[in-house]
Every structure is written in C-alpha cells, then in structure tokens.
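Working notes for the structure below.
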Amino acid sequence: MFFLDSDNVYRARPLMAFDWLEHGFGTRHSPAFGTGAEISTLKQIHSSVCIPASAGGCLGEGDALVASTPGRPVSVRTADCLPILMADGRQRTVAAVHAGWRGTIQGIAAKVAGMLGRAEDLHVAIGPGIGQCCFEVGPEVAGQFADLFPERRDLRARTSIDLLEANHRQLIQAGVPGRQIYQAGLCTVCGGAFHSFRRDRERAGRMVSMISRLE
Ligand SMILES: [Zn+2]
C-alpha cells in the first residue's frame, strides 16, 4: 500500500488515486523533501492543537495543520513520532498531524478528523514511526494507554506500546472507515532508512511529511 519512490519518499497508493492532491513521507535519504518556503510548518509541542494553514513558513505552536484551499501545502516533522496525513475526498480539505505518545493520549488524530469533514469521506495515511518492536516505556507512560487498550493487563509495568494501533483505534472510534486508514507499518528505530530520536538522540535529524491540495 506504501512504496518508496525514486526520490526516497514514501507514498501511499490510495492517496495517489486523488489527482487533486500531492503527498509524501520523507526519509533520511530525502533531506530536501517538503522544505520549501511555501510549505506551512509548526513549532511542534506534543499537544493536540490544530491550526488552519493561512501562509507558508512556521505558523506558531501546535501539532496539526489543516488546509482547505488549493496551493497551501502543510507538513509535520518527525523522528519516531507518527506522521499522519489526511484528505477529505469530498471537500478536498487536507491535514498533516504529528502524533507522538503525548499527542496520541490527547487524541489528536481523531480530533483533526472531526474538524475536517464527514468521517466517511476521510482517507488517512499513517507514515513511518516508532513500532511496538522498539517502543518500550515505563508504567508512567504505559498506564495512560489503559483506556485505549482495555484488553491489556500489563500496563502497570514496563512494557511496549503500539502507537500505530492506538491511533488506528481512535480513528475508527471517530468514524473513519477502516478500509480508508492506510498504515505504513515501518519502524523508524530499527528500519535503517529513517531518522530516529530514540536511536540517535540529539544527533537525530527530522523527516518531513507533507500533503497539499493542488486544485
Ligand atoms: Zn522497531
């Protein structure tokens, strides 16, 4: 469903079916992707703040950008957190979301989905991020996922969390059809093609994920 193109950018095939939009998930091998001055960005703060994109460049503090007019590309920067790109197939509104564990606990993906339009019109692509294979956390973090993973009995101790599944569940709860949620399922920590904060700490770069309504 996702593939790496010749520019070293991951694309979600289902989003490519919309000829009115452009999107991509950058990797460590595509450092220039999504860095143009016309692209809207944010100072990301692990919140659930969503800002309408009104201009290019940094638009302040927040973790999601929504654009409803053509020619207004929106982006997020990640290195382990999940980049989530959304498109409303009917109204052509698009959004870029940065969902780390704090944003996930705050329900940022579902919140943005609710702002975009009718849930059944939404197409959501969740790009490369830290996988459950590498996301071990202490009980102070794991315990906050108890509502999202009611079937788990191990959240009071050190354990591993599946952020992708957590966001998937929230999007389903928000009414987005499961067949319109596309998951890369690529781990940024143990997959070599990505920047990873957990792996590289302060030396880690950031990857840009971008979506734009063309017309
Ligand atoms: Zn991993």
Is at least one residue of segment 175-183 in contact (Cβ under 8 Å) with a residue 24 or more places away in the chain, surrounded by 13 or more Cβ atoms within 10 Å (Cβ to Cβ) and within 16 Å of the ligand (Cβ to nearest atom)?
-> yes
How many residues does segment 150-163 contain that are assigned to a helix (DSSP H, G or I) and more than 21 Å from L82 (Cβ to Cβ)?
-> 0
The strands (runs of 3 or more DSSP E) lying entirely within segment 46-149 that contain at least 1 residues which are in contact (Cβ under 8 Å) with a residue 40 or more places away in the chain are 50-52, 64-67, 74-78, 82-88, 94-99, 122-126
Matching option when the condition is within 16 Å of the ligand (Cβ to nearest atom), at pLDDT 95 or above, at negative phi and among the polar types (S, T, N, Q), among Q144, Q132 | Q132
Taking segment 91-114, which residues are of a type in the set (D, E, K, R) and touching a Leu at 6+ places or on another chain (Cβ under 9 Å)?
-> R92
Does any residue of segment 170-185 turn out to be closer than 18 Å to I130 by Cβ and out of contact with any Leu (no Cβ under 9 Å at 6 or more places or on another chain)?
-> no
Qualifying residue in segment 155-165 (condition: more than 13 Å from the ligand (Cβ to nearest atom), in contact (Cβ under 8 Å) with a residue 40 or more places away in the chain, closer than 27 Å to R11 by Cα and touching a Gly at 6+ places or on another chain (Cβ under 9 Å)) = no
Search result, residues across segment 19-44 that are surrounded by 14 or more Cβ atoms within 10 Å (Cβ to Cβ) and within 15 Å of A95 (Cα to Cα) | L21, E22, H23, G24, F25, G34, I39, S40, T41, L42, Q44
List the number of the failed condition for H195; all other conditions in (1) within 11 Å of the ligand (Cβ to nearest atom); (2) in contact (Cβ under 8 Å) with a residue 60 or more places away in the chain hold.
-> (1)
Quick one: in segment 137-165, of everything that is more than 20 Å from the chain's Cα centre (by Cα) and of a type in the set (D, E, K, R), which residue is surrounded by the fewest Cβ atoms within 10 Å (Cβ to Cβ)?
-> E151
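The values are calculated or read from the model by the stated rules, or taken from the named source; none is laboratory data. None of the values given here were measured: they were computed from a predicted structure. No Cβ is skipped: glycine too gets one built from the backbone with ideal geometry, and neighbour counts run over all protein chains shown.
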